[in-house]
């Protein structure tokens, strides 16, 4: 009787092009800094209950310089730090995908 070899697990294709997959990936990544180009908006929650929404995507689409927008936002957040309870960063998943996918393809293409 012939000896049976253990079956190798089948490889699975990873499809990183779908928006839902990118959302799941982003949820798992610990984010300390987010590039301004991939931000959609910021929601600043003040201690008095006020919420201030900053639509970063619109600012950039209107032609504002990305570095200048980032500098001004950082400056304002530092100035108002004592009044800020929390800041929510909303990331544009499509922008992240456009930025990261070419590098992912290069790396995975070599495997």
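Rule-based calculations on the coordinates, nothing more; no lab input. As the structure is a computational prediction, the values presented were derived from the model and not from experiment. Methodologically, a virtual Cβ is constructed for each residue, glycine included, from the backbone with ideal geometry; neighbour enumeration extends over all protein chains shown.
A compact table of results
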quantity	calculated
Highest-first arrangement of 88-98, 63-73, where packing means the average Cβ count within 10 Å	88-98, 63-73
At 1.002 mPa s and 20 °C, Stokes diffusion of the range 67-111 via Kirkwood alpha-carbon radius, µm² per second	158 µm²/s
Label-point separation, residue 90 to residue 52 (7 Å along Cα→Cβ), nm	1.7 nm
Percent RCO, i.e. relative contact order, over the range 35-109, from Cα pairs under 8 Å lying at least 6 residues apart	41 percent
The range 35-109: Rg to Rh, with Rh as the Kirkwood radius over Cα pairs	1.09
